[in-house]
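Enquirer: Take a look at this one; I'll ask things after.
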Amino acid sequence: MANGDIITRDGHGKWLRFRNPVSVHTAMETCEVASVLEAVDVAVSKGIPVAGFIAYEAASGLDAALETHAPDRYPLVWFGEYSAPDVLDALPPPRQPALDLSWSPSTSDSEYAEALGRIKRYMLAGDTYQVNFTIRLHAHAVDDAYSLFCRGQAYQLSENAAYVDLGETAICSVSPELFFELDGDLIRARPMKGTAPRGGSAEEDDRLAEALHASPKDRAENVMIVDMIRNDIGRVAEPGSVRVSRMYD
């Protein structure tokens, strides 16, 4: 893989490989986010194939009320303009097998416990009803990030997987969640909440899936995330046009 290469799914079981961008749109500061995205929109309107990403930390560049942590050294927005992508039936094989990595958390046990205690106090006080508490994991350098992506996709079989190679930085995403999809004037989202382990057999898988589907806690979380996404889409959609077609799916 080379700097600027992107591989992603096309939504129909195929892989799209974008190579050698002819032009790049990048925002490193929040004040650049809106103008860079406008330039990307112009390219798309001209029928130019465009691929890239928007970091979570770009949020305040679109709405000052959305506060984030300080961005890392990777771009807030990165999109390349490409010639037509290659359409592939399968992922190109990596040059070497992925290494076994030894991961360490960014948070100590005491810091982790203190944070959870603080979240519980917020909930008991009625200041919040849900908090997504996440931490980072670190591992020593990966010789080939693409091999790590291929290993993750082999386990996950994600329909929304994507690999972005920026040279010193790579994004390996095998999330099964469809964040959002824009098709003409239709926005579609498939938010996910609730997880269950895999079973040792198909029958056990079925039992675990049914237990997840019936879990009051997981159903409540699903309602909350669907409500949040519905409200978010409602900010940019025609009034009254947002519909939830299926729940707990």
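The values are calculated or read from the model by the stated rules, or taken from the named source; none is laboratory data. Because the structure is a prediction, the values reported are computed rather than measured. These area figures cover heavy atoms from the full protein model, side chains too; ligands, DNA and RNA do not enter into them. Shrake-Rupley method; radii C 1.70, N 1.55, O 1.52, S 1.80 Å.
Enquirer: Of the accessible area of the chain, with the probe set at 1.4 angstrom, what percent is carbon plus sulfur?
Expert: Working: 9000 of 16940 Å².
Roughly 53 percent of what the probe reaches on the chain is carbon or sulfur.
Enquirer: Name the residue, out of 153, 96, 130, whose mean-square fluctuation peaks in a Gaussian network model built on the chain with Cα pairs under 10 Å.
Expert: So, out of 153, 96, 130, the one fluctuating most is 130.
Enquirer: Now a separate question. For residue 102, tell me the accessible area in Å² from a 1.4 Å probe, rounded to the nearest 10.
Expert: Rounded to the nearest 10, the figure is 90 Å².
Enquirer: Mean-square fluctuation check for the chain, GNM, Cα pairs under 10 Å: which of 106, 201, 23 is largest?
Expert: Of the options given, 201 has the highest mean-square fluctuation.
Enquirer: Could you check which residue among 200, 52, 117 shows the biggest mean-square fluctuation in a GNM of the chain with a 10 Å Cα cutoff?
Expert: Checking each option, the largest mean-square fluctuation is seen for 200.
Enquirer: At 1.4 Å probe size, with every protein chain present, just tell me what the per residue accessible area of the chain comes to in Å².
Expert: Values: 16940 Å² over 249 residues.
So the chain comes to 68 Å² accessible per residue, rounded to a whole number.
Enquirer: Continuing with this model, one more query. Among (1) 15.0; (2) 16.6; (3) 13.0, find the value of mean projected area of the Cα convex hull in nm² that was calculated from the structure presented, and write down its label.
Expert: Recomputing mean projected area of the Cα convex hull in nm² here picks out (2).
Enquirer: What does the helix-only formula give at 222 nm for the chain: each DSSP H stretch with n ≥ 4 adding -39500 (n - 2.57), the total divided by the residues, and the result rounded to the nearest 500 deg cm²/dmol? Show your work: numbers first, answer last.
Expert: Working: 5 runs with 73 residues, N = 249.
Taken over the chain, the calculation gives -9500 deg cm²/dmol.
Enquirer: Determine which lysines satisfy two conditions relative to residue 46: a Cα distance under 30 Å, and not lying fewer than 8 residues away in the same chain.
Expert: 14
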